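In what follows, a single structure is set out as structure tokens and then discussed.
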Amino acid sequence: MTEVALITGTSSGMGLHAAIELARHGLHVVATMRDVGKADRLRAAASAAGVEVDVRALDVVDHAAAATLVAEIEAELGGIDVLLNNAGRGGVATAEQASMELVRDQLEVNYLAPVNLTKLVLPGMRERGNGRIFTITSVGGAVGQPFADTYCGAKFAVEGFMQSLAPVAEQFGIRVSVIEPAAVASDFVSNAERPDDGGPYSALLDAYIARTAGAFANAQTSESAGTAIAAAVLSDEYRFRWQTSDGATAFVSASLADTDGSRVLGVTRGWIAAG
């Protein structure tokens, strides 16, 4: 039976390429985006690869729409085998500059949206006794970075949620993982919110922007990142924590000795062991 994968944020970048790669491996890919009028790149890539993708509209912060979509997919296709929470948004501002609107926006897109979709697919996966949930976080979900206070805060939050869920979901045949890219060449940076005026932080912000521009000038391609994401989804190996490149692994190792997540899960599994 063909596996069904629900992927968010597929209009461009690594989400687009992950969708194509999974379709190439025979999955029925439900590829979502806020505006299906922006699906031309995805459809062109699918045509070039000789595959089909099932394009549907979803604004991930609209929780009611997400519930409707999940119900529709389960009714039409028999269930969701893979959830890939890819949609995300960047934000550049240090704490004093960051409006509470920016803080809430980052939490809505990068934390609450994947949490909501995860909650929506869990009942069906639990009843069938299998499923895979992947959330694209970032190296910023493991290493806090200057002027990424709101972004890293939301990514740390979603990693904590997923790592807490993982040993419980595993008891029902559901694998929960996070995938941490480093800099990826995409529309992500251009879409990031940032302050118009750095104020007293201008010199520091300029230095950060220059460093970031350098990192993205040598960034992993979105196609390479998408291929790495698809490989994690398709792998028979279970890891809680995946990175999309050697550079990403090296970066998170500055904060995490447990780079594949096995040490933490080895401990927390024992906390719920019967008897």
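For the chain, what is the accessible area per residue in Å² when the probe is 1.4 Å? Walk me through the numbers on the way to the answer.
Working: 12490 Å² over 275 residues.
Per-residue value: 45 Å².
Length gain on complete extension for the stretch residue 24 to residue 246, per 0.36 nm per residue less the alpha carbon to alpha carbon distance? Show your work: numbers first, answer last.
Details: separation 222, 0.36 × 222 = 79.92 nm, distance 2.45 nm.
That works out to 77.5 nm of additional length.
Could I have the simple spin-label model distance between residue 108 and residue 67, label points 7 Å from Cα toward Cβ, reported in nm to one decimal?
1.8 nm
In debye, nearest 20, what is the charge dipole magnitude of the range 1-118 about its Cα centre with +1 on Lys and Arg Cβ and -1 on Asp and Glu Cβ, if you could check? List each step's numbers first, then the result.
On the way: 8 positive and 16 negative charges, 67 e Å.
Computed charge dipole of the range 1-118: roughly 320 debye.
Starting from the Cα of residue 100, step 7 Å along the direction of its Cβ; do the same at residue 210; then give the gap between the two resulting points in nm.
For residue 100 paired with residue 210, the spin-label model returns 3.6 nm.
Give me the distance between the Cα centres of the range 52-87 and the range 25-39, rounded to whole Å.
So the separation of the two Cα centres works out to 10 Å.
Any idea how far the Cα center of the range 227-275 sits from the one of the range 91-154, in Å?
The two parts, judged by their Cα centres, are 17 Å apart.
Can you name the helices of the chain, as whole DSSP H runs, whose Cα span along the helix axis is 27 Å or more and whose Kyte-Doolittle mean is not below -0.5?
Working: long enough: 149-170 (31 Å, 0.29).
Counting only whole DSSP H runs, the qualifying helices are 149-170.
Using DSSP, restrict attention to beta bridges with both residues in the chain and report what percent are antiparallel, rounded to the nearest 5. Walk me through the numbers on the way to the answer.
Details: 0 of 28 bridges.
In the chain, approximately 0 percent of DSSP beta bridges are antiparallel ones.
For an R0 of 51 angstrom, estimate the FRET efficiency from the Cβ-Cβ distance between residue 164 and residue 44 and round to the nearest 0.05.
Values: r = 40 Å, r/R0 = 0.78.
After rounding to 0.05, the efficiency reads 0.80.
Charges at C-beta only: +1 for Lys and Arg, -1 for Asp and Glu. How large is the resulting dipole of the range 4-270 about its Cα centre, in Debye rounded to 20?
Numbers: 20 positive and 31 negative charges, 104 e Å.
Using Cβ point charges on Lys, Arg, Asp and Glu, the range 4-270 gives about 500 debye.
Provide the three semi-axes, in whole Å and in decreasing order, of the ellipsoid equivalent to the range 103-228 as defined by the square roots of 5 times the Cα gyration tensor eigenvalues. Each step should come with its number before you reach the end.
Working: eigenvalues 207, 54, 25 Å².
That gives 32, 16, 11 Å for the three semi-axes.
For the chain, what D do you get in µm² per second when you plug the Kirkwood radius from alpha-carbon pairs into Stokes-Einstein at 37 °C and 0.692 mPa s?
Numbers: Rh = 19.0 Å.
D = 172 µm²/s.
Report the Stokes-Einstein translational diffusion coefficient (µm² s⁻¹, integer) for the range 23-175, Rh taken as the Kirkwood radius over Cα pairs, at 4 °C with viscosity 1.567 mPa s. Provide the component values of the computation, followed by the final result.
On the way: Rh = 16.7 Å.
In µm²/s, the coefficient is 77.
Projecting each Cα onto the charge dipole of the range 4-270 (Lys/Arg +1, Asp/Glu -1 at the beta carbon, about the Cα centre), which of 210, 64, 166 comes out farthest on the positive side?
Farthest towards the positive end: 166.
Roughly to the nearest percent, how much of the accessible area of the chain is carbon and sulfur, given a 1.4 Å probe? Walk me through the numbers before you get to the answer.
On the way: 6570 of 12490 Å².
That fraction is 53 percent.
The values are calculated or read from the model by the stated rules, or taken from the named source; none is laboratory data. A quick note: this is a predicted structure, and the numbers were derived from the prediction, not measured. As a convention, Cβ positions derive from the backbone with ideal geometry for all residues, glycine included, and neighbour counts pool all protein chains shown. Heads up: the accessible areas ignore ligands, DNA and RNA and are worked out on the full protein's heavy atoms, side chains in. Shrake-Rupley method; radii C 1.70, N 1.55, O 1.52, S 1.80 Å.
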